[in-house]
Amino acid sequence: MTTTSRWRALTHHHLFWPVAVLIALLLVNVPFTPDFFSINMTDGHLYGSLVSIVLFGSPLILVAVGMTLVIATGGIDLSVGAVVAITGALTCSYISDQADQNTLSAVFLAMGIGLVAAVVCGLWNGFLVARMGIQPIIATLIIMVAGRGVAQLITDGQIITVNSEPYKLIGGGYWLTLPFSVFVVAAVVAVTVALTRRTALGLLVESVGGNAEASRLVGIRSTRIKIMVYMFCALCAGIAGLMISSNTSAADGNNAGLWIELDAILAVVIGGTSLLGGRFSIGGTVVGALVIQTLTTTIYTIGVPTQTNLVFKAAVVIVVCLLQSPKFRAKVFGAKGPKGPRRDAAPVEPAPAADAAPKMEVSR
């Protein structure tokens with residue numbers, strides 16, 4: 001294999017352009033922050049810009065991983081932001097009512113209540129989509145709107161603050177010098193990859209996304225698969241809600257997880273998963289989420305004005321998506337696709353089948 005063919009194969013890998021954009025965004029920060037890549041040890045904890053990107057990007061990675069499986073089935077979940085708010089509101093509300101907020105049993109029970117509520121929201125979404133046949137964007141829009149109101153009802157429209165060291169560990173604590181949220185994300189991603197790539201579950205999800213009716217006809221329970229992925233997506237959003245409320249030691253029913261569903265969808269698309277369903281990439285989604293979080297960090301680093309940061313972010317996302325388009329690269333960079341047969345070439349007659357019966361000659 002020549003160098004050119006190796007380079008062509010590398011650039012056609014679905015993770016090449018997301019990783020290239022991620023590296024480019026990281027390098028853009030260097031002129032503005034010369035010690036951007038430096039990592040320091042303080043009080044036994046690692047600190048630095050790279051650590052902060054992973055720390056603050058952990059909730060987005062979790063939501064995007066769950067969103068990947070939903071999109072792979074041909075659906076979409078707009079309710080994850082509201083689920084984040086509901087989970088944080090329920091958890092912090094229960095902890096704040098305790099006489100001793102540092103009691104482990106109370107903290108675990110509060111987290112359990114929040115995660116159960118998240119799974120129930122996912123079950124409701126899956127029921128509307130798979131059983132009732134409602135379009136996913138409409139079905140999940142119900143929880144997106146109503147769920148945010150439920151979160152504000154739980155908090156009485158106020159920001160609930162807690163002072164619990166065990167709960168603080170989830171989103172703002174450290175373990176083995178690294179943020180604890182990194183280990184939570186690594187565990188969720190590892191379990192997801194194991195279930196979807198080491199078992200038949202991943203193929204079932206892709207088959208449902210490719211053609212749900214054909215999957216049903218061959219014996220695949222597409223309805224059950226869809227309900228499962230919506231419940232899993234809500235569970236990931238619930239864990240992200242625990243991280244966000246834990247990091248701030250507060251629950252804000254109005255702003256917690258606001259528009260995180262859009263960033264999650266962008267992360268999935270940047271990672272190479274088609275919105276039409278079918279094949280998906282968990283690794284690509286993780287890279288896409290890191291691209292979104294790095295872009296957010298870059299906006300603040302280079303001093304983009306607050307009133308234009310959303311426009312700047314949208315412009316960069318458009319560039320990333322265009323770079324992933326083979327047609328765009330072919331027109332801009334002159335990349336040529338595989339050559340077809342020449343028009344002036346003589347047609348090739350098909351060879352006779354090996355098991356074809358010999359022709360009989362009839363003599364007159």
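Scanning the stretch 87-103 for residues that are open to solvent by 30 Å² or more (accessible area, probe 1.4 Å) and either assigned to a helix (DSSP H, G or I) or among the charged types (D, E, K, R) (or both) gives Leu90, Tyr94, Ser96, Asp97, Asp100.
Which one is surrounded by the fewest Cβ atoms within 10 Å (Cβ to Cβ), of the residues in the stretch 104-118 that are more than 29 Å from the chain's Cα centre (by Cα) and free of Cβ contacts under 8 Å to residues at least 24 places away in the same chain? Only one residue tops the list, namely Ser105.
Whenever a residue of the stretch 21-44 is more than 30 Å from Cys321 (Cβ to Cβ), its partners that are hydrophobic (A, V, I, L, M, F, W, C) and in a helix (DSSP H, G or I), lying with C-beta atoms within less than 9 angstrom and at least six residues away or across chains, give the pairs Ser38/Leu50; Ile39/Leu50; Ile39/Val51. Entry remark, the stretch 240-266: residues being in a helix (DSSP H, G or I) and under 27 Å from Thr91 (Cα atoms) number 15 in total. Pairs linking a residue in the stretch 320-331 that is under 15 Å from Leu15 (Cβ atoms) and open to solvent by less than 40 Å² (accessible area, probe 1.4 Å) to a residue that is assigned to a helix (DSSP H, G or I) and at pLDDT below 75, with Cβ atoms under 8 Å and 6 or more positions apart or on different chains, are Leu323/Arg329. A single entry from Leu22, Leu46, Leu50 fulfils the requirement of being surrounded by 13 or more Cβ atoms within 10 Å (Cβ to Cβ), hydrophobic (A, V, I, L, M, F, W, C), under 22 Å from Ile270 (Cβ atoms) and touching a strand residue (DSSP E or B) at 6+ places or on another chain (Cβ under 7 Å): Leu50. Taken over the stretch 303-315, the criterion of being more than 14 Å from Ile270 (Cα to Cα) and either touching a helix residue (DSSP H, G or I) at 6+ places or on another chain (Cβ under 7 Å) or part of a helix (DSSP H, G or I) (or both) is satisfied by Val304, Thr306, Gln307, Thr308, Asn309, Leu310, Val311, Phe312. Reported count of residues in the stretch 198-226, each being of a type in the set (A, V, I, L, M, F, W, C) and within 19 Å of Gly66 (Cα to Cα), is 7. Mind checking which residues of the stretch 173-198 are of a type in the set (A, V, I, L, M, F, W, C), touching a residue at least 24 places away in the same chain (Cβ under 8 Å) and more than 12 Å from Gly283 (Cα to Cα)? Answer for the stretch 173-198, where residues must be of a type in the set (A, V, I, L, M, F, W, C), touching a residue at least 24 places away in the same chain (Cβ under 8 Å) and more than 12 Å from Gly283 (Cα to Cα): Leu178, Val182, Val184, Val185, Val188. Consider the stretch 207-233 and keep the residues that are of a type outside the set (A, V, I, L, M, F, W, C) and in contact with a helix residue (DSSP H, G or I) (Cβ under 6 Å, 6 or more places away or on another chain). The one that is nearest to Val63 (Cα to Cα) is Tyr230. When the stretch 69-100 is filtered for residues that are closer than 16 Å to Val129 by Cβ and polar (S, T, N, Q), the ones remaining, listed by number, are Thr73, Ser79. In the stretch 283-298, what residues are open to solvent by less than 10 Å² (accessible area, probe 1.4 Å) and either within 19 Å of Asp77 (Cα to Cα) or out of contact with any Pro (no Cβ under 8 Å at 6 or more places or on another chain) (or both)? Residues satisfying the conditions are Gly284, Thr285, Gly288, Ala289, Ile292, Thr294, Leu295, Thr298.
The requirement of being loosely packed, with under 15 Cβ neighbours inside 10 Å, under 22 Å from the mean Cα position of the chain (by Cα) and in contact (Cβ under 8 Å) with a residue 12 or more places away in the chain is fulfilled somewhere in the stretch 124-138, by at least one residue.
The values are calculated or read from the model by the stated rules, or taken from the named source; none is laboratory data. All figures in this text were calculated on a predicted structure; none of them were measured in a lab. With ideal geometry, Cβ positions are generated from the backbone for all residues, glycine too; neighbour counts draw on all protein chains shown. Areas reflect the complete protein model, heavy atoms only, side chains present, ligands, DNA and RNA absent. Shrake-Rupley method; radii C 1.70, N 1.55, O 1.52, S 1.80 Å.
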